[in-house]
Amino acid sequence: MKYIAPSVLAADFGNLQQAVEMLNRSKADWIHVDVMDGVFVPNISFGMPVVKAIQRHAQKPLDVHLMITDPDRYLEDFQSLGADRITVHYEACPHLHRSVQRIRELGCKAGVAINPHTSVQLLENILYEIDLVLIMSVNPGFGGQKFIDHTYQKLQDLQQLIQRTNTSVLIEVDGGVSSQNAAKLSQAGVNAFVAGSFVFKSIDPAHTIANLKQAVAV
């Protein structure tokens, strides 16, 4: 199964309800919610009140990506706001196993994200505990960045690690995903595709989502 997860970070915040309702009608599978604190990444996105507003209108699972320091403090809050899956960063969690355990105790699916410079080999001991690995294919913090080509090597390394550990996790990619690389990423083993600017800056976002869905169905 392949999942398209448009990131509302790239939506028009002045018409957020309209954007979420468009996603409800579209072929999107998840709604990706990027939460940034201006500390872990050099940007601030939105906090809990906006996530609550998104959840109020969303009819599809919320894929919450916490790009924040000390995410453990807020796991219960995001679960209460309707998060279906919560992804934390390897780089932000000194006690990653405990963070992941807490996410699952709350009834959410647990994901771990890694930045472009972080080796997938560091995930070996946590793969048994998680549902998803999020590979950042741009440096986190801003939308509209160019896809980092070394991501393909990281995907290959991650696939080998998953096979060696005999684990079963979804692979998600976030950053620079477009119709130009979606099929290649799918062939490289990616299950979930986060697309922000490519979707919301297009003339017809719903049509763009449909095209992405078709492109990754390989």
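Points worth noting:
- Selection count, region 199-218, where residues are under 20 Å from Asp63 (Cα atoms) and either of a type in the set (S, T, N, Q) or over 15 Å from the mean Cα position of the chain (by Cα) (or both): 9
- Residue within region 57-70 that is farther than 23 Å from Val133 by Cβ, modelled with pLDDT of 95 or more and buried (at least 16 other Cβ atoms within 10 Å of the Cβ) present: yes
- Filter result (part of a loop (DSSP other than H, G, I, E, B) and free of Cβ contacts under 8 Å to residues at least 24 places away in the same chain) within region 80-98: Cys93, Pro94, His95
- Residue in region 84-97 that is out of contact with any His (no Cβ under 7 Å at 6 or more places or on another chain), buried (at least 20 other Cβ atoms within 10 Å of the Cβ) and among the aromatic types (Phe, Trp, Tyr) present: no
- Ser202 being in contact (Cβ under 8 Å) with a residue 60 or more places away in the chain and not hydrophobic (A, V, I, L, M, F, W, C): no
- Residues of region 43-54 include none that is in contact (Cβ under 8 Å) with a residue 40 or more places away in the chain, under 23 Å from Ile162 (Cβ atoms) and in contact with a strand residue (DSSP E or B) (Cβ under 8 Å, 6 or more places away or on another chain).
- Residue selection: Arg73 fails the criterion of being of a type in the set (Lys, Arg) and more than 23 Å from Val100 (Cβ to Cβ).
- Subset of region 199-218 that is surrounded by 18 or more Cβ atoms within 10 Å (Cβ to Cβ) and β-branched (Val, Ile, Thr) - its residue that is nearest to Leu132 (Cα to Cα): Val216
- Qualifying positions in region 1-42 - over 17 Å from Glu172 (Cβ atoms), modelled with pLDDT under 95 and assigned to a loop (DSSP other than H, G, I, E, B): Ala11, Asp12, Gly38, Val39, Phe40, Val41, Pro42
For every residue, the table says whether it meets (1) crowded, with 19+ Cβ neighbours inside 10 Å; (2) touching a strand residue (DSSP E or B) at 6+ places or on another chain (Cβ under 6 Å); (3) of a type in the set (Asp, Glu).
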position	(1), (2), (3)
Gly14	no, no, no
Ala19	yes, no, no
Val41	yes, yes, no
Arg73	no, no, no
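- In region 203-217, the residue that is farthest from Ala10 (Cα to Cα) out of those that are assigned to a helix (DSSP H, G or I) and of a type outside the set (A, V, I, L, M) is Gln214.
The values are calculated or read from the model by the stated rules, or taken from the named source; none is laboratory data. Remember, it's a predicted structure, so these values are computed and weren't measured experimentally. Ideal geometry is used to build each Cβ from the backbone, glycine not excepted, and the neighbour counts take in all protein chains shown.
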